[in-house]
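Reading through the structure tokens given below for one structure.
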Ligand SMILES: Nc1ncnc2c1ncn2[C@@H]1O[C@H](COP(=O)(O)OP(=O)(O)OP(=O)(O)O)[C@@H](O)[C@H]1O
Ligand SMILES: [Mg+2]
């Protein structure tokens, strides 16, 4: 029960949950941000609702999720998703609204459709903000996965910590925490690598500014 | 081609409101190069934005080819004070943007874009990102972009305002040649008297806010101009006359 292979298995499980929650948060978060930025009315209606929902402590929702989704992976992914999605929405919406007025004017004079403006201008403008949000979201998704595993699980690093605690096995707790820290660093670094690949104009210019 | 009569523009209401334009009447014919010259904040940009259809006049008539301006007119090119390049596209894609936004096939316009960039001396930078370019190069890219679809009407809002004197002179010469070669109407906003006189067939001088037209001056220099024309007597006379107008408005004094 303490072999490196066993720890590796638990780590892979937690990373899987984190990743699933993260991807769901990115997909849903970006779509939601686009919707509230593009349609003022939906912003007024949905955004307060969304903020209200976010103010509910997610840990308190965990037992509900287990009732609804059973004890499998789904409730853990749902918690990771819920904790992570807020950062994605806030940062993406900020980014989508950060288009310089000159560029919006330019787009108008070229008589581009709203879709063109969104796809060619707004999404690119949002990217630096989006990636800042993704880094926060990734670390929050990891927290979410651990919370989910605390509440009900037979697997994962959260379960390792909880069960070791029950046996006063401090060493095992520390081992799991150390692994968690490393996993956190690696996941954030992975986002940073994707960021560098996705925004070559930000990083490949031989000269900065002018 | 453009006909403005008693155009006013008011931002906001009541005593907090700002009157940016106050009764502008102006006719611009096909093929003219008209410079708008005036102190900062007098409404030059506002007038240009009304022409571009991205701002609507509060009152008065603003016609283009006899029809009121509602939205950006057909075959419009526009260059902004800050170049408004998209950092995330390379130079070629930036120049092709008007084709893309107009739902035209980009490959049809690529030869044209390359030709424009070649003319602007930017062939070597076709695949560079704007961040890797100097201010003057960026501005040239922006001008190539505004020319891609062969505009009939080119609106330029202090496109060279942020450049050093040397680059500015060069771009003035280039723009002059361009406007000679193709038959387009140019409305050009600037702060520089000599730039206005050098480029224009007409210089329209605005008063401080609320902007009114103080004088509409035909520049009768030869159509084909070189930088040396700036040393000529006629050029000096025009420049002196315009400076005199600014002195009379109390905007400059010795
Ligand atoms: N969107 C706006 N809302 C409120 N006031 C505005 C707006 N745009 C312009 N103004 C006001 O209208 C006046 C004219 O502005 P405009 O930008 O046209 O001046 P300008 O002649 O182009 O000046 P500059 O040479 O400094 O660019 C200014 O006093 C400005 O404060
Ligand atoms: Mg201006």
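Coordinate-derived values only; no laboratory data. Since the structure is predicted, the reported quantities are computational estimates derived from the model, not experimental observations. A quick note on method: Cβ atoms are made from the backbone with ideal geometry, for glycine too, and the neighbour counts reach across all protein chains shown.
Okay, here's what the table says:
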| quantity | calculated |
| --- | --- |
| Equivalent ellipsoid semi-axes, chain A, via Cα gyration tensor eigenvalues times 5, rooted, Å | 38, 22, 11 |
| Compactness of segment B:1-127 - radius of gyration and Dmax, Cα, Å | 17.9, 54 |
| Relative contact order computed over chain A (Cα-Cα under 8 Å; 6+ residues apart), in percent | 28 percent |
| Point-to-point label distance, residue B:251-residue B:174, nm (Cα→Cβ direction, 7 Å offset) | 2.7 nm |
| Relative contact order computed over chain B (Cα-Cα under 8 Å; 6+ residues apart), in percent | 26 percent |
| Shape of segment A:53-122, Cα gyration tensor, a/c cut at 1.5 | prolate |
| Residue A:119 versus residue A:23: modelled label distance in nm, points set 7 Å from Cα along the beta carbon direction | 2.4 nm |
| Those residues of segment B:124-138 whose amide nitrogen sits under 15 Å from the label point placed on residue B:106, 7 Å along Cα→Cβ | B:126-130 |
| Along principal axes, Cα extents of segment B:86-150, largest first, whole Å | 30, 23, 17 |
| Residue A:41 paired with residue B:127, simple spin-label distance in nm, labels 7 Å along Cα-to-beta-carbon | 4.8 nm |
| Hull shadow area, averaged, the protein assembly as shown [alpha-carbon convex hull, nm²] | 29.4 nm² |
| Most mobile listed residue (B:89, B:198, B:188) in chain B, GNM with C-alpha springs under 10 Å | B:89 |
| FRET efficiency estimate (nearest 0.05) - Cβ-Cβ, residue B:40 to residue B:162, R0 25 angstrom | 0.95 |
| Kirkwood Rh, Cα atoms: Rg over Rh of chain B | 0.97 |
| Chain B: calculated mean residue ellipticity at 222 nm from DSSP helix runs of at least 4, using -39500 (n - 2.57) | -10500 deg cm²/dmol |
| Cα convex hull volume per residue for segment A:1-82 (Å³) | 103 Å³ |
| Nearest 10 degrees, 0 to 90: helix B:165-181 Cα axis against chain B principal axis | 80 degrees |
| Along each principal axis, Cα extent of segment A:82-126, largest first, Å | 41, 17, 11 |
| Choice from B:201, B:167, B:185 with maximal GNM fluctuation in chain B (Cα, 10 Å cutoff) | B:167 |
| The protein assembly as shown: antiparallel DSSP beta bridges as a percent of all, rounded to 5 | 50 percent |
| Whether segment A:113-210 is rounded, prolate or oblate, judged on the alpha carbon gyration tensor where a/c under 1.5 counts as rounded | prolate |
